[in-house]
Amino acid sequence: MKRLRQDRPQGERQAAHPLRAVAVPLLLVIALVAIAVAGWWLKRPATAIAVNCPDPLAGCAFSHRGAPARVRFSMQPLPLEAFELTVTAPQATKISAEFQMVGMDMGFNRYDLRPAGGTFISSVTLPVCVSGRHDWMLYLDLDGTRYALPFSSR
């Protein structure tokens, strides 16, 4: 005797997998939220120690881990014009610099300064600001400690 196949009515077939209908979109939303949170976490700026630097052309002194340090620009910075950035920090082993504006992402412009006997030097260039702003922030990273030096390109 041959068995007859009994199909479920359509409504029953959908009711058989209600967990899958809810779980897949829920897992997708959770994954997207996790990606967004991870991106925000990685993109957030590291905390920086503020350094008062009224005249970077004359040079500005600050303290790095209890030792004296100094930063100086070779000329008044202008967008897309190279100038020399000099940092004197005898106890530092690695120094990098980047230029940003408050509330505006200026892209990747990180410079690793070359050591030269307690002094670190690099030729650097300010990125272009399409809004015409002149208020810059120099972020210096000395052996993992981050310093923020505001300056103007006028």
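Annotations for the structure displayed:
- Summed over region 82-95, residues that are over 20 Å from residue 128 (Cα atoms) and at pLDDT 90 or above total 8.
- Single residue of region 117-154 satisfying the filter (out of contact with any strand residue (DSSP E or B) (no Cβ under 9 Å at 6 or more places or on another chain) and on the phi < 0 side of the Ramachandran plot) that is modelled with the highest pLDDT: 130
- Of the criteria (1) surrounded by 10 or more Cβ atoms within 10 Å (Cβ to Cβ); (2) at pLDDT below 80, which one residue 10 fails: (1)
- Subset of region 62-81 (residues that are exposed (fewer than 13 other Cβ atoms within 10 Å of the Cβ) and over 18 Å from residue 135 (Cβ atoms)): 63, 65, 66, 67, 68, 75
- Just so you know, in region 82-110 the residues that are more than 17 Å from residue 54 (Cα to Cα) and hydroxyl-bearing (Ser, Thr, Tyr) include one that is surrounded by the most Cβ atoms within 10 Å (Cβ to Cβ), and it is 88.
- Check on residue 123, more than 18 Å from residue 147 (Cα to Cα) and surrounded by fewer than 13 Cβ atoms within 10 Å (Cβ to Cβ): yes
The values are calculated or read from the model by the stated rules, or taken from the named source; none is laboratory data. Since this is a predicted model, take the numbers as computed values, not measurements. Note that each Cβ is placed from the backbone with ideal geometry, even for glycine, and that neighbours are counted across all protein chains shown.
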